[in-house]
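Asks: One structure coming up, written as structure tokens, with questions to follow.
None of the figures in this text is laboratory data; all of them are computed from the coordinates on show. The shown structure was predicted, so the numbers you read here are calculated from the model rather than taken from an experiment. In this analysis, Cβ positions are derived from the backbone assuming ideal geometry, glycine residues included, and neighbour counts consider all displayed protein chains.
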Amino acid sequence: MTANIFADRAGRLKGEAAFEILAKTKELEAQGKNIIHFEIGEPDFDTPKNIVEKGKEALNLGYTHYATTQGYLPLREAITKYVKKHKNIDTNPKEIVVTPGAKPAIFYTFLALVNPGDEVIYPDPGYPTYGNLIYFLGAVPVPIQIKEEKGFRLDIEELKSKITNKTKLIVINSPANPTGGVLTPDDIDEIANAIKGKGIYVLSDEIYDRIVYSGEVKSIASIPELKDWTIVVDGFSKAYAMTGWRLGYGIMNEELAEKMSKLMVNSNACVATFTQVAGVEALLGPQDEIDKMIEEFRRRRDLIVDGLNSIKGFKCLKPKGAFYVFPNITGTGKSSKELENYLLYEAGVSVLAGTGFGEVGEGYLRLSYANSIENIQIALERIDKAMKSI
Ligand code: PMP
């Protein structure tokens, strides 16, 4: 094929390891192999019944037409109530844009704010989309190393040292993918103090903020001086087990919300209307299913952390949030990618190399424990056996 047939930017956009390995795993399964999935960050629970019923009812009631680009008003109103209660953020429907999943809210934030040459500070290891978008847009990547010694919390001193007059955006993600690290309210206050009045935007990816096992979470947008400089990104995929519904949102100042709506109207037009009706039920309906899911995730976390720590060469911190563990595997003598392949082909356990989340992920694996206790037990036995036979 002609070398320059594609736009330059297309060549700069990378994919996401989780989806690549999932595709590889599916091929192996099609060949009859039994694989336990720890690669994809998706709750194995079904969407709670009350939400599914509302979605069906909405279809029957004819919510099958376009919705407003910015989002179905009752959903945006529900989001204002929800974020006041859970994040202590004062907002209004004009500051909210509903998107098909949290991912587009991240994508559009970058498109609306970041010019080539702008510096963007982001966590490494971190959710791959952040780094991918920085390269895609020709911005300057300024990674902050997220260290195991700090319990996978961002180092505020390092953050401060990386702020320059070219810093346009800082990305924070707490609880974090891939480490499960959680920023404390003091961390958030310190970050806020470091950037207040400097004209720097913060993208706060809060998609895991309902999945917290200990300690408190604080949204940086709850600090009044930071409110207009923060884009809160959240969604329904993780907390409500709604990955396939594609529903998320961003909260931002009104001017930015207008820009984001333009990006929405030129790409998606709007989010599926019946999905948004179901979203109202998710946010304002009974929340006891979520509490049950979190308790189940806690049991799984404890099981996987203890299990991994008893395997030769593995050292695993107990994360405070999300549903990932990020064990240190330097003791195995294998690189992250070698171990990812070895465990997939030799043990039938699909994990991700830490390097899929940034350069400093070498020496780590990411395992998503959104899988059943039985499967976690079997996987741990398989990993143990495979490591003993090296
Ligand atoms: N942010 C983070 C940190 C994530 O891990 C994910 C999903 N893996 C997302 C955003 C996107 O979620 P969704 O688009 O399904 O809402």
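Asks: Checking the a/c ratio against 1.5 first, then a/b against b/c, what shape does the Cα gyration tensor give for the stretch 63-284? It would help to have the intermediate numbers written out before the result.
Replies: Numbers: a/c = 1.71, a/b = 1.39, b/c = 1.23.
Since a/c reaches 1.5 and a/b is larger than b/c, the shape of the stretch 63-284 is classed as prolate.
Asks: Still on this structure: Quick check: Cα centre of the stretch 80-109 to Cα centre of the stretch 312-362, how many Å?
Replies: 33
Asks: Check cross-link reach from K385 to the aspartates and glutamates: straight Cα distance under 18 Å, and skip same-chain residues fewer than eight apart.
Replies: In chain and number order, the partners are D306, E338, E340, E346, E374.
Asks: Going Cα to Cα from K198, which aspartates and glutamates come in below 13 Å? Please leave out same-chain ones fewer than 8 positions away.
Replies: E225, D228
Asks: For the chain, calculate the relative contact order in percent as a whole number, restricting contacts to Cα pairs under 8 Å that are 6 or more residues apart.
Replies: Worked out over the chain, it gives 24 percent.
Asks: Where does helix 17-30 land angle-wise versus the long Cα axis of the chain, in degrees 0 to 90, nearest 10?
Replies: That works out to roughly 60 degrees.
Asks: Turning to a different aspect of this structure: With runs of 4+ DSSP H residues as the only contributors, calculate the mean residue ellipticity of the chain at 222 nm using -39,500 (n - 2.57) per run, divided by the residue total and rounded to the nearest 500. Please list the in-between numbers first.
Replies: Numbers: 14 runs with 158 residues, N = 390.
Helix-only estimate at 222 nm: -12500 deg cm²/dmol.
Asks: Indicate, rounded to the nearest 5 percent, the antiparallel portion of the DSSP beta bridges found entirely in the stretch 63-284.
Replies: Details: 8 of 26 bridges.
Of those bridges, close to 30 percent are antiparallel.
Asks: Something else about it: Place the peptides 305-311, 103-109, 4-10 in order of packing, highest mean first, counting for every residue the other Cβ atoms within 10 Å and averaging per peptide. Intermediate results must be reported in sequence, preceding the final value.
Replies: On the way: 305-311: 16.4, 103-109: 23.7, 4-10: 8.9.
Top of the packing list down: 103-109, 305-311, 4-10.
Asks: Then there is this: Which whole-number percent is the relative contact order of the stretch 63-284 (Cα, under 8 Å, 6+ apart)?
Replies: Numbers: 422 pairs, mean separation 66.6, N = 222.
It rounds to 30 percent for the stretch 63-284.
Asks: Find the Cα radius of gyration of the stretch 267-390, compare it with 2.2 N^0.38 Å by division, and give the number to two decimals. Display every interim value, and only then the final one.
Replies: Numbers: Rg = 17.8 Å, N = 124, 2.2 N^0.38 = 13.7 Å.
Compared with the compact-globule rule of thumb, the stretch 267-390 sits at 1.30.
Asks: Treating the beta-carbon of each Lys and Arg as +1 and of each Asp and Glu as -1, no other charges, what is the dipole magnitude of the stretch 332-390 about its Cα centre, to the nearest 20 debye? Each step should come with its number before you reach the end.
Replies: On the way: 6 positive and 8 negative charges, 16 e Å.
Dipole magnitude for the stretch 332-390 comes out near 80 debye.
Asks: Which lysines have a Cα less than 21 Å from the Cα of K94, not counting those fewer than 8 places away in the same chain?
Replies: List returned: K81, K84, K85, K103, K227, K259, K262.
Asks: For the charge dipole of the chain, defined by +1 on Lys and Arg C-beta atoms and -1 on Asp and Glu C-beta atoms about the Cα centroid, which residue among I35, I163, V280 has the Cα displaced farthest towards the positive pole?
Replies: I35
Asks: According to the square roots a ≥ b ≥ c of the eigenvalues of the Cα gyration tensor, what is the shape class of the stretch 82-172, taking rounded for a/c under 1.5, prolate for a/b larger than b/c otherwise, and oblate for the remainder? Walk me through the numbers before you get to the answer.
Replies: Working: a/c = 1.81, a/b = 1.25, b/c = 1.44.
Taking the square roots of the gyration eigenvalues as a ≥ b ≥ c, the stretch 82-172 is oblate.
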